[in-house]
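Novice: One structure, as C-alpha cells, below. Some questions next.
The values are calculated or read from the model by the stated rules, or taken from the named source; none is laboratory data. Source: prediction; values computed, not measured. Cβ: placed from backbone, ideal geometry, glycine included. Neighbour counts: every protein chain shown. Each accessible area value is taken on the protein alone, full model and side chains, heavy atoms only, with ligands, DNA and RNA left out. Shrake-Rupley method; radii C 1.70, N 1.55, O 1.52, S 1.80 Å.
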Amino acid sequence: MGISLDAGFLKGFVGDADIKAFAPAVDKAHKDLHNKTGAGNDFLGWVHLPSQVPDALVSELTALAKEVQGHSDAIISIGIGGSYLGIRSTLEFLGGEPKVPVYYAGHNMSSVDMNRIIGLIARKNVTVVVISKSGATTEPALAFRIVDAAMKRKYSGAELKKRVICVTDAKKGALRKIADKEGYRSYVIPDDVGGRFSILTPVGLVPLALAGVDIKAFVDGFRAGEKEYADPDLSKNVCYRYAAIRNVLYKKGKCIEMMASFYPNVQYVAEWWKQLYGESEGKGGRGIFPASTILSTDLHSMGQLMQDGMRNIFETFLMINAVDATVIVPSDPEDLDKFNCVAGKELDWVNKQAYKATAGAHYEGGVPNMCITLDKADAFHIGQLYYFFEKGVGISGYILGVNPFDQPGVEAYKTKMFALLGKK
Ligand code: PA5
C-alpha cells in the first residue's frame, strides 16, 4: 500500500454524499487524463511515464553517478521551479549525507548566494548540472552564464566537458544551443511533460543519481503509484478521494489548504507540492491557495491562527509511519518538569501524540483536516507520493474547471522585467 489517507477529522464538513456527488466529475477527469481529451492534453506525458522510463536510462545514470562521484566533491544544480524544487525536496526528505553534496543556484538572483557558489568552484572539485526545459528562463540562464565562466577559469578541454551536464529540450532553447556548441553532455526532457511534473525525467533523475539516491527504487515508487491510482472508483482510489475532498471543501468556502507535518524533512516536499498545486490550479480567478507549516515549530507561531483565525482553511497532514532513528526519553529521578509520564517512550511516539492532539484541536476549532501517511521515508515512498500528488492535481484541476497544465500567469512578471532589462 505505501500511502494511506485518513479522513477522520472531516466529519461534519465532508460527508460521503458530498464525495459521491463528485463521482461523475472525477470519472470525466480520469477519462480526460487517460484518453487525452481534456485541456492541456499535450502535457500528459507524466501519466504513463513511470512504466515508460527505460531501465537503460537508470543504468546509464547509475554509471554516470559512479564517474562523477569519483571526481567531484560537490554538485551545483542550476534551475528554478520544476527544475529545482523536486531535487531539493527529495534530497531533504531522504536526509542523511548524500554521496556528493548538492548546492543550488538559478532559483534566485542574490549576489550573496552566487558569490558562495563561485567560491565553491574555486575551492572544490565540482560538477555542474544545469536544468531548464525552455532553456530560456532568466534566473537559471544568468546563473549558468556566471557559473560557466567560473568553470572555464578553472577547467578546460575534456576536463571541462566532463564537469558540465545540461538537461533541456531535445531541439529548442538557448541551453540546447550552448550544450551542442560547447560539447557538454546533455539529457533530454520530453516535450509532453511540463516543468512541475518533470521530477521523474532527467530533470530529477540526473542530479539525484549523482548525489547517490537509489533512483531505481525512486522509479519503482512512481510505478507503484501509476498502478495504485489507475482505478477511477472513488472508494478504492485514495488519490482521487483526496482530489474530491479538496473540491468539496473548496465549495464550502475553505480556500486555503495548509500542508502540515511534524517531520522537518518534509519541508521541501511541501514547497514542491505548493508549486504543483498553486501553478496548476490558481487561474481564472479560481484555485485553493496552498500553504505549509512545519510542526511543532509553527504551532508556536501559526498555531494561534490555525486554531482561532478566519475559518477558510483546511489542513492536510503529511506523516511518516516508521521512522528510522530511535530516541528514548530518559527518566529523571526528580521529575522536576513532570515528564516522567513519557520516560522510556520513543520520542517519535510523543511526536505522533502531538499530531493527534493538533489534528483534534484544529478540528474542534473549525479546521477540517485529513492525513496522508507514508509507511517510510525512503526513495520508493517519495516516488509514490510524487505520483499521488501529480495525479491528484490532474483530477482536482479538471474538477475545478481549469487547465492544470499551463501557467500563463508566470509570464506577466517576465514581460515587465524584460522591458526593464532592455531584453529583446
Ligand atoms: O512548471 C513549470 O513549467 C515552471 O514552473 C517551470 O518549471 C519553471 O518556470 C522553470 O522553467 P524551465 O525549466 O523552462 O527553466
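Novice: Could you pull out the pairs from LYS11/LYS345; LYS28/LYS172; LYS274/LYS414; LYS177/LYS216 whose alpha carbons sit more than 24 Å apart here?
Specialist: Going by Cα-Cα distance, LYS11/LYS345; LYS28/LYS172; LYS177/LYS216 fall outside the 24 Å limit.
Novice: Give me the extension gain from ASP192 to ALA325: residue separation times 0.36 nm, minus the current Cα-Cα distance, reported in nm with one decimal.
Specialist: Length gained between ASP192 and ALA325: 43.9 nm.
Novice: Assuming R0 = 22 Å, can you tell me the calculated FRET efficiency for the pair VAL410 and LYS36, based on Cβ-Cβ distance, to the nearest 0.05?
Specialist: Efficiency, from the Cβ-Cβ distance: 0.40.
Novice: What whole number of Å gives the distance from the Cα centroid of segment 101-177 to the Cα centroid of segment 55-69?
Specialist: 20
Novice: Taking the Cα centre of each part, how many Å lie between segment 218-273 and segment 329-397?
Specialist: So the two Cα centres are separated by 16 Å.
Novice: Which Cα, out of CYS255, VAL188, PHE222, lies furthest along the positive dipole direction of segment 181-315 (beta carbon charges, K/R +1, D/E -1)?
Specialist: CYS255
Novice: On to the next question. Taking the dipole about the Cα centre of segment 49-213, with the C-beta of Lys and Arg at +1 and of Asp and Glu at -1, give me whichever of GLY212, ILE117, ALA150 is farthest to the positive side.
Specialist: Looking along the dipole axis, the top candidate is ALA150.
Novice: With angles folded into 0 to 90 degrees, how steeply does helix 379-400 sit against the dominant principal axis of the chain? Use alpha carbons for both and round to 10.
Specialist: Relative to the chain, helix 379-400 is tipped by roughly 70 degrees.
Novice: For an R0 of 45 angstrom, estimate the FRET efficiency from the Cβ-Cβ distance between ARG286 and SER156 and round to the nearest 0.05. Display every interim value, and only then the final one.
Specialist: Values: r = 53 Å, r/R0 = 1.17.
Plugging the Cβ-Cβ distance into 1/(1 + (r/R0)^6) gives 0.30.
Novice: Gain in length, ASP308 to ASP337, computed as 0.36 nm per residue apart minus the alpha-carbon separation, to one decimal in nm? Before the final figure, lay out each step's value.
Specialist: Working: separation 29, 0.36 × 29 = 10.44 nm, distance 2.84 nm.
Roughly 7.6 nm would be gained on extension.
Novice: Related question: Suppose every Lys and Arg Cβ carries +1 and every Asp and Glu Cβ carries -1, with no other charges. What dipole size does the chain come out with about its Cα centre, to the nearest 20 debye?
Specialist: Result for the chain is approximately 1780 debye, rounded to the nearest 20.
Novice: Here is a follow-up. Starting from the Cα gyration tensor of segment 187-291, take the square roots of the eigenvalues, sort them a ≥ b ≥ c, and report rounded, prolate or oblate (rounded when a/c is under 1.5, otherwise prolate if a/b is larger than b/c, else oblate).
Specialist: The shape class here is prolate.
Novice: Return one whole number: the accessible area per residue of the chain in Å², for a 1.4 Å probe.
Specialist: 44
Novice: Another question about this same structure. For the chain, what proportion of DSSP beta bridges, expressed in % and rounded to the nearest 5, is antiparallel?
Specialist: Working: 7 of 42 bridges.
Given both bridge residues lie in the chain, the antiparallel proportion sits at roughly 15 percent.
Novice: Rounded, prolate or oblate: which one fits segment 49-213, using the alpha carbon gyration tensor with axes a ≥ b ≥ c (rounded when a/c is under 1.5, else prolate when a/b beats b/c, else oblate)?
Specialist: Verdict is rounded for segment 49-213.
Novice: Further question: With angles folded into 0 to 90 degrees, how steeply does helix 215-228 sit against the dominant principal axis of the chain? Use alpha carbons for both and round to 10.
Specialist: Its long axis makes an angle of about 50 degrees.
Novice: Let me ask you something else. So if I place +1 on the C-beta of Lys and Arg and -1 on the C-beta of Asp and Glu, and nothing else carries charge, what would the dipole magnitude of segment 49-213 be about its Cα centre? I want it in debye, nearest 20.
Specialist: Working: 21 positive and 15 negative charges, 117 e Å.
Taking the Cα centre of segment 49-213 as origin, the dipole is about 560 debye.
Novice: What distance in nm separates the simple spin-label points at LEU347 and ALA361, each placed 7 Å from Cα in the Cβ direction?
Specialist: It works out to 2.1 nm between the two label points.
Novice: Heavy atoms of the protein only, probe of 1.4 Å, neighbouring chains included. What is the accessible area of SER111 in Å², nearest 10?
Specialist: 90
Novice: Something else now. Mind checking the alpha-carbon convex hull of the chain and giving the volume per residue in Å³?
Specialist: 168
Novice: Test of the criteria: in segment 272-334, which GluC sites (Glu not before Pro) are in a DSSP loop and have at most 15 other Cβ atoms within 10 angstrom of their Cβ? Present the calculation step by step, with values, prior to reporting the outcome.
Specialist: Values: sites: GLU279, GLU281, GLU315, GLU334; in loops: GLU334.
Within segment 272-334, the qualifying GluC sites (Glu not before Pro) (loop, at most 15 other Cβ atoms within 10 Å) are GLU334.
Novice: Output the Kirkwood hydrodynamic radius of segment 1-42, Cα pairs only, in Å rounded to one decimal.
Specialist: Details: mean 1/r = 0.0793 Å⁻¹.
Evaluated over segment 1-42, this radius sits at 12.6 Å.
Novice: Could you work out how far helix 202-211 tilts from the main Cα principal axis of the chain, as a 0 to 90 degree angle to the nearest 10?
Specialist: On a 0 to 90 degree scale, this one is about 90.
Novice: Separate question: Any chance you could list P(r) for segment 101-176, counting all Cα-Cα pairs in 10 angstrom bins from zero, rounded to whole %?
Specialist: For segment 101-176, the binned pair fractions read 18, 53, 27, 1 percent.
Novice: Could you order ASP337, ASP192 so the one with the most accessible surface comes first? Probe is 1.4 Å.
Specialist: Ranked from most to least accessible, the order is ASP337, ASP192.
Novice: Could you order the peptides 210-216, 179-185 from most to least packed, using the average number of other C-beta atoms within 10 Å per residue?
Specialist: So the peptides 210-216, 179-185, ranked by packing, come out 210-216, 179-185.
Novice: Determine the order of ASP148, ASP6 by accessible area, beginning with the largest, at a probe radius of 1.4 Å.
Specialist: The ordering from most to least exposed comes out as ASP6, ASP148.
Novice: Let me ask something else about it. At a 1.4 Å probe radius, which order do CYS255, CYS166 fall into by accessible area, largest first?
Specialist: Largest accessible area first, the residues go CYS255, CYS166.
Novice: Using helices alone, I'd like the mean residue ellipticity at 222 nm for the chain: each DSSP H run of four-plus residues gives -39500 (n - 2.57), total over residue count, nearest 500.
Specialist: Numbers: 17 runs with 206 residues, N = 424.
One gets -15000 deg cm²/dmol as the mean residue ellipticity at 222 nm.
Novice: Sticking with this structure for a sec: If you roll a 1.4 Å probe over segment 49-213 with all protein chains in place, what percent of the accessible area is carbon or sulfur?
Specialist: Values: 3670 of 6740 Å².
Solvent-exposed carbon and sulfur of segment 49-213 make up 54 percent of the total.
Novice: For LYS236, go through the aspartates and glutamates and keep the ones whose alpha-carbon is under 16 Å away, minus same-chain ones fewer than eight residues off.
Specialist: Counting by Cα, and skipping residues close in sequence, LYS236 has these aspartates and glutamates nearby: ASP6, ASP16, ASP27, GLU226, GLU228.
Novice: Roughly how big is segment 124-177's charge dipole about its Cα centre, with Cβ charges of +1 (Lys, Arg) and -1 (Asp, Glu), in debye to the nearest 20?
Specialist: Around 180 debye, computed over segment 124-177.
Novice: Using a ≥ b ≥ c from the Cα gyration tensor of segment 326-395 (square roots of the eigenvalues), is it rounded, prolate or oblate, where a/c under 1.5 gives rounded and otherwise the larger of a/b and b/c decides, a/b for prolate?
Specialist: Cα axes put segment 326-395 in the oblate bin.
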